[in-house]
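First up is the structure itself, then whatever we jot down about it.
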Amino acid sequence: MNLFRTKSKESELTYSSGLKRCLNAFDLTLLGVGAIIGAGVFVLTGIAAATKAGPAICISYIIAGSASLFAALSYAELATSIGGCGSAYNYSYVVFGELIAWIIGWDLLLEYALSVSTVAIGWSGYVKDGLESLHIHLPSQFLRNPFEGGIINLPAVLIILSLAVILCLGVRQTAKFNAIIVFIKLLTIALFIGFALNNINAHNWNVFLPFGWSGVIQGASLVFFAYIGFDALSTAAEETIEPQRNIPIGIISSVVICTTIYIIVSALLTSIVPYTTLNVKSPVADAMLHIGYPVVAGFISAGAIAGLTTVMLVMYYGLTRVCFAISRDGLLPPIFSKTHPVTHTPMLIIILTGIIISLIAGLVPIDKAAELVNVGTLSAFILVCGGVIVLRYKHPEMHRPFRLPWSPLIPALGIIFCFYLIINLAPITLWFFLFWMVVGLLIYFGYGIRHSLLNK
C-alpha cells in the first residue's frame, strides 16, 4: 500500500502549492459536455452514417455510449479513491506499477494531442464554409495540408495557438469561457432538433441496416471518438473542490447527457435526409439546407464552430495535466511540472504542446488522426476498467468515496466492449499505435527509469 499512499496523497500534501482548487460539480459537467459534444454531432455522425451504419448509426451511438458509460463509472471510482491530475496514468501507477503507468501515460499524450488536432481540422472546415457563405474566400493552399495539395491548414493552427493563450490564463477563466460556449452549443442542437421533428420522412429509414451488423460495429468504432472527452475530467482532480463528490457527478452526468443527445440527433439526421447524402464536412448544417432552412443552417454552422472550440479546449487542458503528472513523477524532465506563480498553470507545457499539436493539425489529414485517437482512448479505458477489478481484490479495505455498483461486472463489460471496438479498427491504425508504444518504451528505458522519483 506504500505506492497507493504516496500517489493518493500527492494533491493533498506534496503539491498543494501548485494547482489551484476552484472547480465545482457544475463546472465539471459543463467541461464534460464541452469536450464530448462536438465533432461527434457536427462531423462524424454524417460520415459514419453514410459510410458505415446508415440509419442504424443511432445503434452505433448506443454501443459506443455503453462502452463509455462502463468506463466512466470505473473512472469515477478510481478518481475518488486515488485522485491526482494524471487520469488513467495516475490510476495505472497505483494498480499496475510504473512501467504500465508510463505506457498508458504515453498513450494518453497521443490520444489528447491527436484529438485536439483532429477537431481543429474539422473546425477549420466549418470556418471555411462560414466565410464562403459571406463571400470571403481564403487562399486554398492555406486551408489544406500537404497531403491534400496545400501548404498548411492555417485556421487549424491559429485556433490551437489561441486556445493556448486561454489555458495560460488559468483554469477558472477556462471554465468560464467553456460554460458560455457550451450554452451556445446546446442552443444550436435544440434548434436542429426543433426543426428536424417537423420534417421527418419515414422513407429514409426503409433500409435501416444497409451495411449489416458489421457496419453498425464499425460505425461504433468510428463515432467512439465522440466520447473521449469525459476522461479529461479526471485530470482536473487537483483543481476540483471536494473531488470525491464532484468528480463522479461531473463524469457520469456528462456521459449520460451527451449519449442521449447523440442518439436523438443521429436518429433525426438520418430521418430527414437520405443517409447517402451525409458524407460531407458539415452534415447537420447540410441537412438543414436540403430541407429548405438556409438561415437555420447558418446558425448551426456558427454553433458547430463554437462547439468544436470547447472540445479542443478541454482535451488540450487534459493533455497538459497528464504531461504535468508524468513530469512530476520524474519520467519526463521536471521543467514540465513547473507552474506559473500567478496563473497557477503549467505554462511551459501549454506552450510547447500547443506548438506541436498545431503543426499536426496543419499538416496531417483528419481521418488518419481520428483513428489513432480511438485506439489510444480504448486502450486507456481497458486499463482503467481493469484497475477497478484488480484493486477490489488487492486492496478491498481501500476507502472508496464513490463505489462502483455490481463490480466486477460493470468494469468487465467495459473491457469487453472496448476490446471489441479496437479489433474493428483499421489494421494500419493498430500498427502505427504499436510503433508509438515502441518509441515510448525507448524513452522510458533511456530517460524515465533513471530519473523516476519512485526508483530514487
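Annotations for the structure displayed:
- Residues in segment 51-70 that are open to solvent by less than 20 Å² (accessible area, probe 1.4 Å), under 28 Å from T277 (Cα atoms) and of a type in the set (S, T, N, Q): S60 only.
- If only residues of segment 398-409 that are open to solvent by 60 Å² or more (accessible area, probe 1.4 Å) and outside any helix (DSSP H, G or I) are counted, the one that is farthest from L78 (Cα to Cα) is W406.
- Residue check for L454: part of a loop (DSSP other than H, G, I, E, B), out of contact with any Leu (no Cβ under 7 Å at 6 or more places or on another chain) and of a type in the set (A, V, I, L, M, F, W, C): yes
- Within segment 291-311, one or more residues are in contact (Cβ under 8 Å) with a residue 40 or more places away in the chain, out of contact with any Phe, Trp or Tyr (no Cβ under 7 Å at 6 or more places or on another chain) and among the aromatic types (F, W, Y).
- When each of A120, A164 is tested for being among the small types (G, A, S), more than 27 Å from F299 (Cβ to Cβ) and buried (at least 19 other Cβ atoms within 10 Å of the Cβ), the lone residue that passes is A164.
So that you can scan it fast, the table gives a plain yes or no per residue for (1) among the small types (G, A, S); (2) in contact (Cβ under 8 Å) with a residue 60 or more places away in the chain; (3) over 18 Å from K394 (Cβ atoms):
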| position | (1), (2), (3) |
| --- | --- |
| E98 | no, yes, no |
| W106 | no, yes, yes |
| L110 | no, yes, yes |
| L114 | no, yes, yes |
| T118 | no, yes, yes |
| I121 | no, yes, yes |
| K128 | no, no, yes |
| L134 | no, no, yes |
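- Here the helices (runs of 4 or more DSSP H) wholly within segment 1-50 that include at least 2 residues being modelled with pLDDT under 55 and open to solvent by less than 50 Å² (accessible area, probe 1.4 Å) are 2-8.
- Of all residues making up segment 96-105, the number that are surrounded by fewer than 23 Cβ atoms within 10 Å (Cβ to Cβ) and part of a helix (DSSP H, G or I): 5
- Index of the failed condition, T339 passing every other in (1) touching a residue at least 12 places away in the same chain (Cβ under 8 Å); (2) open to solvent by 10 Å² or more (accessible area, probe 1.4 Å); (3) part of a helix (DSSP H, G or I): (3)
- Note on segment 106-117: among residues that are farther than 19 Å from I251 by Cα and among the aliphatic types (A, V, I, L, M), the one that is surrounded by the fewest Cβ atoms within 10 Å (Cβ to Cβ) is L109.
- Some residue of segment 260-279 being of a type outside the set (D, E, K, R), under 25 Å from I422 (Cα atoms) and at pLDDT below 85: yes
- Criterion (hydrophobic (A, V, I, L, M, F, W, C) and within 19 Å of the chain's Cα centre (by Cα)) met by exactly one of L143, L131, L154, L163: L163
- Any hit, segment 173-185, residues being under 21 Å from V116 (Cα atoms) and either part of a loop (DSSP other than H, G, I, E, B) or touching a strand residue (DSSP E or B) at 6+ places or on another chain (Cβ under 8 Å) (or both): yes
- Only one entry in N199, N204 is more than 29 Å from the chain's Cα centre (by Cα) and open to solvent by less than 30 Å² (accessible area, probe 1.4 Å), namely N204.
Yes/no matrix, rows are residues, columns are (1) open to solvent by less than 50 Å² (accessible area, probe 1.4 Å); (2) without any contact (Cβ under 8 Å) to a residue 60 or more places away in the chain; (3) assigned to a helix (DSSP H, G or I):
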site	(1), (2), (3)
C385	yes, no, yes
P411	yes, no, yes
I416	no, yes, yes
L425	yes, no, no
I428	no, yes, yes
W436	no, no, yes
I443	no, no, yes
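- Checking P365 against (1) open to solvent by 10 Å² or more (accessible area, probe 1.4 Å); (2) modelled with pLDDT of 85 or more, the condition it does not meet: (2)
- Checked against the criterion of being surrounded by 15 or more Cβ atoms within 10 Å (Cβ to Cβ), assigned to a helix (DSSP H, G or I) and out of contact with any Lys or Arg (no Cβ under 9 Å at 6 or more places or on another chain), segment 144-153 contains not a single residue that satisfies it.
The values are calculated or read from the model by the stated rules, or taken from the named source; none is laboratory data. Note that the structure is a prediction, hence the values are computed from the model and not measured. Quick reminder, even Gly has a Cβ in these numbers, built from the backbone with ideal geometry, and neighbours come from all protein chains shown. Calculation scope for accessible area: heavy atoms of the full protein, side chains included, ligands and nucleic acids excluded. Shrake-Rupley method; radii C 1.70, N 1.55, O 1.52, S 1.80 Å.
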